[in-house]
Ligand code: NAP
């Protein structure tokens with residue numbers, strides 16, 4: 001066989017950084033392509049699945065079932081999982097390019113958007129992302145202590161994460177018990193002093209970022225009533241016009257109108273949705289005591305886009321805790337182009353672009369770090385397919401430099417650096433242990449929540465390709 005022929009059948013070697021939905025869909029599409037491909041998935045945590053494990057609310061087990069598709073992808077020949085490996089700490093971006101034809105960044109949006117108001121950093125003012133990571137057992141967030149002794153909690157934002165946080169705060173012990181919420185979070189939430197949870201939307205009810213099934217769930221809670229002031233549902237002309245072509249907003253409004261007619265039934269907690277109010281300051285002497293809000297008017301631009309414009313009218317809402325749920329934000333990785341304003345990697349169909357708009361050879365992105373923190377899990381499938389198709393186009397055009405190192409060189413390098421790589425079999429050991437602990441309590445799993453526990457459970461795993469070991 002000549003040198004040229006050998007090159008043709010050499011598999012395309014790709015590193016996928018991040019093991020959430022975007023990373024797995026990218027790996028799946030690559031491994032199903034009609035060119036032979038090897039995928040090494042690098043993940044900072046010892047566990048895969050990203051927000052499916054650590055973001056999706058524990059009382060939404062059906063949404064988490066998507067992990068079965070990821071398990072099937074992990075069984076495909078050519079797949080390896082390298083958990084507990086952080087790019088930028090254990091291995092540099094430039095080193096990855098030496099080991100692979102291409103690198104696909106799929107590490108999501110790891111931070112939260114700021115509101116930029118005084119008092120935002122007072123103790124008791126939390127990013128919703130911190131609370132979500134905590135109740136889901138993220139090992140970096142278990143030291144946090146949420147003081148839920150106050151009677152009122154305020155959740156800022158009108159998206160699905162705000163609804164998740166409000167709903168989790170409202171769940172009863174009986175509702176939490178069959179979930180994989182951490183035991184510490186079940187105790188804190190079930191035993192909390194919170195009686196009222198107020199959700200603040202800065203625009204109107206027709207501009208909510210939440211989806212209808214999630215909104216409906218607020219009306220079906222065992223331990224909490226739901227309330228909306230009918231005056232908050234009166235629509236201005238621009239919202240009325242926008243509604244005509246927006247079926248999600250129409251359905252949301254129907255649900256909200258139902259809520260506005262309800263009388264409290266005496267459940268121990270109440271979730272109150274408010275609209276056209278923006279926090280301007282968080283007050284408190286050493287910790288959160290109240291949120292000051294301004295009432296907004298809605299103004300439409302020539303394209304019909306409705307924005308909130310503050311009036312002079314203000315109100316102070318006393319509360320013991322604030323969850324800022326105004327969106328996630330992507331973080332840069334040294335050496336890779338980053339758009340600070342959007343919190344994403346500048347890209348053309350997944351091909352990362354430099355400051356002059358030229359593709360950076362071999363570097364791709366998918367998921368939230370590509371398009372921003374929007375869309376549901378399934379959105380990442382189309383997104384990852386686009387990125388992988390772009391990569392395959394470049395591969396067949398000869399635009400990807402062959403790796404300078406062999407298939408096992410990265411593992412050898414990591415071993416030399418003392419990195420305790422968790423292979424897929426290591427994750428399977430964690431998974432089996434968690435599911436076993438869960439089965440004893442009729443729960444899907446009881447998560448291991450500390451780095452020590454996770455790494456101990458994974459120990460002895462092997463990173464051979466094929467993942468069936
Ligand atoms: P999101 O959908 O972008 O919602 C963010 C909310 O914050 C919007 O209501 C936004 O209002 C508001 N906001 C932004 N800046 C603000 C400010 N300075 N002051 C007050 N409000 C502000 O983000 P998310 O809730 O974090 O969700 C992220 C993605 O994950 C979304 O696509 C979501 O659907 C998805 N998700 C889905 C599920 C599910 O399917 N069950 C669960 C969780 C998350 P404006 O609209 O006025 O900007």
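Structure notes:
- In the frame of its principal axes, the stretch 313-469 has Cα extents of 64, 55, 31 Å, reported largest first.
- Protection proxy ranking, peptides 329-336, 168-175, average beta carbon neighbours within 10 Å, highest first: 168-175, 329-336
- Kirkwood hydrodynamic radius of the stretch 223-347, Cα pairs, Å: 17.9 Å
- Taking each DSSP H run with n ≥ 4 as -39500 (n - 2.57) and averaging over every residue of the chain yields -9000 deg cm²/dmol at 222 nm.
- Global dimensions of the stretch 67-147 from alpha-carbon coordinates: Rg and Dmax equal 17.9, 53 Å.
- Using C-alpha pairs below 8 Å separated by at least 6 residues, the relative contact order for the stretch 113-324 is 29 percent.
- Computed on the chain, the Cα convex hull volume stands at 159 Å³ per residue.
- Spacing of the two label points (7 Å from each Cα toward its C-beta) at residue 456 and residue 63, in nm: 3.2 nm
- Length-normalised contact order of the chain in % [C-alpha pairs under 8 Å, at least 6 apart]: 22 percent
- Sequence ranges 415-423, 385-393, ranked by mean other-Cβ count within 10 angstrom, highest first: 385-393, 415-423
- Semi-axis lengths, Å, the stretch 113-324, gyration tensor of Cα atoms, sqrt of 5 times eigenvalues: 28, 21, 15
- Helix 424-439 axis versus longest C-alpha principal axis of the chain: approximately 40°, rounded to the nearest ten.
- Cβ crowding within 10 Å averaged over residues, with 270-282, 77-89, 133-145 ranked highest first: 270-282, 77-89, 133-145
Values in this text are rule-based calculations from the coordinates and carry no lab data. These numbers were taken from a predicted model, which means no experiment stands behind them. With ideal geometry, Cβ positions are generated from the backbone for all residues, glycine too; neighbour counts draw on all protein chains shown.
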